[in-house]
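A.B. asks: I'd like to ask some things about the structure below.
The values are calculated or read from the model by the stated rules, or taken from the named source; none is laboratory data. Just so we're clear, the structure is a prediction, and the values are computed from it rather than from any experiment. Backbone-built Cβ (ideal geometry, glycine too); neighbour counts: all protein chains shown.
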Amino acid sequence: MAKGRRRKSYGHHNTVSAIIVYTLLALLLVGGVTVGGAMWYVHHTDEEQAAQASAAKAAEARRKQAFIAKVAPTAQSLYSQYKIFPSITIAQAILESDWGESSLSAEYNNLFGVKGTNPANTKEMTTQEYVNGEWQTIKARFRVYASYAQSITDHAQLFTRGTTWNAQQYQRVLAAQDYKTQAKALQADGYATDPDYASKLIEIIATYGLTKYDPAAAGQTSQASASSR
């Protein structure tokens, strides 16, 4: 009789254990409620998030490189005539158009915020300018272009023709022998109202290696100038 009772107890224990195991397996499959299951679920989610972040980063890098590739050829082709370093032109386009995603650049191909007065080839838009020590939102008329190339060409011509009030305004820009000097000359000659404009251009050029688009001789001059400081 004792042996019979032990066999009955042993069989009952096996049944309870099996129920517990199957229950834990079921919980694991539906969401990892157990400690081990929760750890697996979190780890799995982290991997998915990391993969998504990596894919988004790669897509962003491709978008930026596509923008640079679209702007660079025209910037390079204009250097010999206008003496604006391609790296400067590309960096300005990046900074001023937010990689071609600003409304002005996306809708009207105006990469540099060039203004105008003729209603036939301009659109009125709001913008921010640094005036009297602070950023202010203003309305102004901006040029409309048929293409990026047209915008880049008009931008280069601005430096040679100067402004309506000073035809010689950008002489220091045109005389610059390296991109850093040219960036600082843009600031000094009053091209931009942003007090950090020159340093932002220099940082963009360094971050994305834009000097590779400059002429070889200009690049050597730029490196020599930088090493002497």
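A.B. asks: Filter the range 174-195 down to residues that are part of a loop (DSSP other than H, G, I, E, B) and of a type in the set (A, V, I, L, M, F, W, C), then give me how many there are.
C.D. replies: So the answer is 2.
A.B. asks: Suppose we filter the range 108-128 for residues that are outside any strand (DSSP E or B), within 27 Å of Ala72 (Cα to Cα) and hydroxyl-bearing (Ser, Thr, Tyr); how many remain? Show your work before the answer.
C.D. replies: Narrowing the range 108-128 to residues outside any strand (DSSP E or B): 108-114, 116-121.
Filter again for within 27 Å of Ala72 (Cα to Cα), leaving 108-114, 116, 121.
Within this subset, residues satisfying the condition of being hydroxyl-bearing (Ser, Thr, Tyr) are 108.
Total meeting the criteria: 1.
A.B. asks: Looking only at residues that are free of Cβ contacts under 8 Å to residues at least 60 places away in the same chain and touching a Phe, Trp or Tyr at 6+ places or on another chain (Cβ under 8 Å) in the range 71-104, which one is surrounded by the most Cβ atoms within 10 Å (Cβ to Cβ)?
C.D. replies: Among residues in the range 71-104 that are free of Cβ contacts under 8 Å to residues at least 60 places away in the same chain and touching a Phe, Trp or Tyr at 6+ places or on another chain (Cβ under 8 Å), the one surrounded by the most Cβ atoms within 10 Å (Cβ to Cβ) is Ala93.
A.B. asks: Something else now. State which residue pairs qualify: first residue in contact (Cβ under 8 Å) with a residue 24 or more places away in the chain and inside the range 135-154, second residue surrounded by 19 or more Cβ atoms within 10 Å (Cβ to Cβ) and basic (Lys, Arg) in any location, beta carbons under 8 Å apart, and separation of 6 or more residues or different chains.
C.D. replies: Ser151/Arg143; Asp154/Arg143
A.B. asks: Can you find a residue that is in a helix (DSSP H, G or I), modelled with pLDDT of 95 or more and of a type outside the set (D, E, K, R) anywhere in the range 52-64?
C.D. replies: No, the range 52-64 has no match at all.
A.B. asks: Then there's this: Please tell me if Thr163 is at pLDDT below 95 and either under 29 Å from Glu107 (Cβ atoms) or β-branched (Val, Ile, Thr) (or both). Break it down stepwise before answering.
C.D. replies: Working: at pLDDT below 95: yes; either under 29 Å from Glu107 (Cβ atoms) or β-branched (Val, Ile, Thr) (or both): yes.
Considered against the rule, which asks whether it is at pLDDT below 95 and either under 29 Å from Glu107 (Cβ atoms) or β-branched (Val, Ile, Thr) (or both), Thr163 comes out as yes.
Condition check ((1) in a strand (DSSP E or B); (2) of a type in the set (Gly, Ala, Ser)) across all residues:
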{"residue": "Tyr130", "(1), (2)": "yes, no"}
{"residue": "Ala146", "(1), (2)": "no, yes"}
{"residue": "Thr153", "(1), (2)": "no, no"}
{"residue": "Arg172", "(1), (2)": "no, no"}
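A.B. asks: Would you check which residues across the range 108-124 are surrounded by fewer than 17 Cβ atoms within 10 Å (Cβ to Cβ) and not polar (S, T, N, Q) and list them?
C.D. replies: Scanning the range 108-124 gives Lys115, Gly116, Pro119, Ala120, Lys123, Glu124.
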